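To start, the structure under review is shown below, and the notes come after it.
What follows is calculated from the coordinates using simple rules that are stated; it is not laboratory data. Just so it is clear, the model here is predicted, and its values are computed rather than measured. Note: ideal-geometry Cβ built from the backbone for every residue, glycine included; neighbour counts use all protein chains shown.
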Amino acid sequence: MNNQAFYLELLEKTFKNHHINCYIEESALIFPQQYIEAQVSFFDRTSSMPMVQMDVTFSIGLAKHIIESVAGFGDTMENAMKNAWSNFLNNCFHPILGTFFTNEYDDQIIREEKIIGGEKYEVVRSHLGIRGKLPEDFYDEWLKQFEKDLAVCQLPTGIHWIRFYYGQHQRQTSACEILYDNNPWEEMQKKAQQYSYCPSDDFYSTRTLYILHRKPDVNRLARIIALASEEEVNDALIEYGLSPMDASKAYLFIQHAFGQVLIRKILNNCSFSDRAVITDGDKKYSILWAHEFFYTEAIKLGELIMGEGNLKDRKLLQSIATCSAEFNALNNALHNGSTIESLEGASFGEAMMEIQGYVAGN
């Protein structure tokens, strides 16, 4: 469909009206201060009447893309797209705005701290998006039941988003869908089937979006490292919420992890030391990589991206990996006359790095 450019420009205008700096580059809306980009796509879902699906994708981290899908109906395709855009603004825009860009419009969202799986999360939730006609005695007991079940879930550190959609007609459930990070959350959907919903003879549906955040999110940190300039990256990581020491660790450890992942794709049977050496002035520490959160999470992320990531994420991973000491060693060996074939089975020594103010065990 050929209206994507128009609605991308409309998305740009909407963010600018909320005082957010952004600009369009090719087919993406770029947010330079947040290191985020957004894209808009339409899909024709017409059956008995014109219907479209509008996907707005926010790339907030490497291999971390919030995709908000909304339906639009109308007597023409143009009006169906307008309806989809209206649904996005009413149900999705403000939680994303409040989570990643500004707290200036908190009257449009619900912002809370919640304990989930024993850990404290920052939670931003939309107000209920309604289609159809609510009964006069409408209640949201089902939403309280969902949040009670959510509170005992064990979620990985980082950013997660949950979309809960419920619809009914003639007192019967017509749809009950819960998506977790864009994927059906089958376990929670089974529980949700048993919640206490408000019955009605008329059709109505409700939709709410939760965005949960427990820092640090390595996917997001990796995107910042990939896109920020060398002069900006340390301040950007601190602005995200890291201490100066953790900013240094994240920058270096993610770089080393991605370098090792990329080299394993190039060389067969190569190996890396399970330790690294950190210096801080005249102090020296030998650390186990397996004990370092930024490194272990980055290894998993790197392997995921190289296995099934999209082209943009792979390029960003490579931009980080090629700055690593490991990749520099590989380049030096090739420059000195070695070949890829002769380096098969190579063994890399301990990584060496300097981190000011390093504290062992942190």
#### Entry: Bins of 20 Å, starting at 0 and running to the largest distance - Cα pair percent for the chain
25, 51, 22, 3
### Task
Can you put Phe73, Phe203, Phe272 in order of Cβ neighbours within 10 angstrom, beginning with the fewest?
Phe203, Phe73, Phe272
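Distance check, please: which entries in Lys16/Lys312; Lys13/Lys64; Lys13/Lys82 exceed 22 angstrom between their Cα atoms? Let's see the in-between values first.
Values: Lys16/Lys312 25 Å; Lys13/Lys64 24 Å; Lys13/Lys82 15 Å.
From Lys16/Lys312; Lys13/Lys64; Lys13/Lys82, over 22 Å: Lys16/Lys312; Lys13/Lys64.
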### Query
What value, in deg cm²/dmol to 500, does the helix sum -39500 (n - 2.57) over DSSP H runs of n ≥ 4 give at 222 nm once divided by the residues of the chain?
-11000 deg cm²/dmol
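What order do you get for Ile60, Ile254 when you list them from fewest to most C-beta neighbours inside 10 Å?
Numbers: Ile60 24, Ile254 28.
Starting with the residue having the fewest Cβ neighbours, the order is Ile60, Ile254.
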## Note on the structure
Bridge orientation stat for the range 218-354 from DSSP, antiparallel percent rounded to 5, came to 50
### Label-reachable residues, the range 251-292, where backbone N falls under 16 Å from a point 7 Å from Met352's Cα toward its Cβ
273, 275-287
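Can you put Phe15, Phe43, Phe258, Phe293 in order, fewest other beta carbons within 10 Å first?
Phe43, Phe293, Phe15, Phe258
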#### Entry: Length added when fully stretched, Lys312-Asp149, from 0.36 nm per residue minus Cα-Cα
55.1 nm
### Query
Once phi is turned into θ = phi - 60°, what whole-Hz ³J(HN,Hα) does the Karplus curve with 6.51, -1.76 and 1.60 give for every residue of the range 194-208, x standing for Gly and Pro?
9, 5, 8, 9, 7, x, 7, 6, 8, 6, 8, 9, 10, 8, 9
### Query
In sequence order, what are the phi-derived ³J(HN,Hα) couplings for the range 323-329 according to the Karplus relation 6.51 cos²θ - 1.76 cosθ + 1.60 with θ = phi - 60°, rounded to whole Hz, with x for glycine and proline?
8, 6, 5, 4, 5, 5, 5
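Counting other Cβ atoms within 10 Å of each Cβ, which GluC sites (Glu not before Pro) in the range 204-249 have at most 12 and sit in a DSSP loop? Could the numbers behind the result be given before it?
Details: sites: Glu230, Glu231, Glu232, Glu239; in loops: Glu230, Glu231, Glu232.
Qualifying residues, ordered by number: Glu230, Glu231.
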### Förster-model FRET efficiency, 41 Å R0, Thr102 and Glu186, C-beta, rounded to 0.05
0.75
### Query
Build a GNM of the chain with springs between Cα atoms under 10 Å: which of Leu209, Leu97, Leu89 gets the top mean-square fluctuation?
Leu89
### Task
Enter the Cα centre distance for the pair the range 174-234 and the range 143-161, rounded to the nearest angstrom.
10
### Task
Give the calculated FRET efficiency between Met49 and Glu232 to the nearest 0.05, with a Förster radius of 45 Å applied to their Cβ-Cβ distance.
0.35
